[in-house]
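Okay, structure first, notes after.
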Amino acid sequence: MSDLRPVHFVVPGLGVRCVADRPWITAAETCELALALDAIGETDRGRELVAWVQFLRHDDGSYWCGMNFEGDRFDAPGQHFTADQPTWNSAAVVLAAHALDGAGPTAGLFRGETFA
């Protein structure tokens, strides 16, 4: 059995790794964890994660997929990985922001709340 624990996926201040043993974090995986945290009542922790990935926001408002930190050097700027801003990635940020805001009829969707 693997000794990987969830903490191996979280890089404090930056986000969540896509793969535990790879040196990259992604906006989508970070926002997915934020949604899960919100679903279990850890909304403030979810908000903190979404705040972490704001360094991946492109000037046009979209989000870079993620960042690769060569040699696990998370203390220095990395390289955008992949070098694009996919719509599904930005959608994960939008979903998390909406859920964590708590407003609107679909904000509680991932908490199992119904909406009209």
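Summary of computed values
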{"item": "Meets criteria (touching a Lys or Arg at 6+ places or on another chain (Cβ under 8 Å), small (Gly, Ala, Ser) and within 22 Å of Ala99 (Cα to Cα)) for Ala51", "result": "no"}
{"item": "Lone qualifier among Thr82, Thr114 - being among the polar types (S, T, N, Q), at pLDDT below 90 and closer than 22 Å to Val11 by Cα", "result": "Thr82"}
{"item": "Failed item, numbered, when Asp84 is tested on (1) touching a residue at least 24 places away in the same chain (Cβ under 8 Å); (2) over 30 Å from Glu113 (Cβ atoms)", "result": "(1)"}
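The values are calculated or read from the model by the stated rules, or taken from the named source; none is laboratory data. On a predicted model such as this, the values are computed, not experimentally measured, just so you know. Ideal geometry is used to build each Cβ from the backbone, glycine not excepted, and the neighbour counts take in all protein chains shown.
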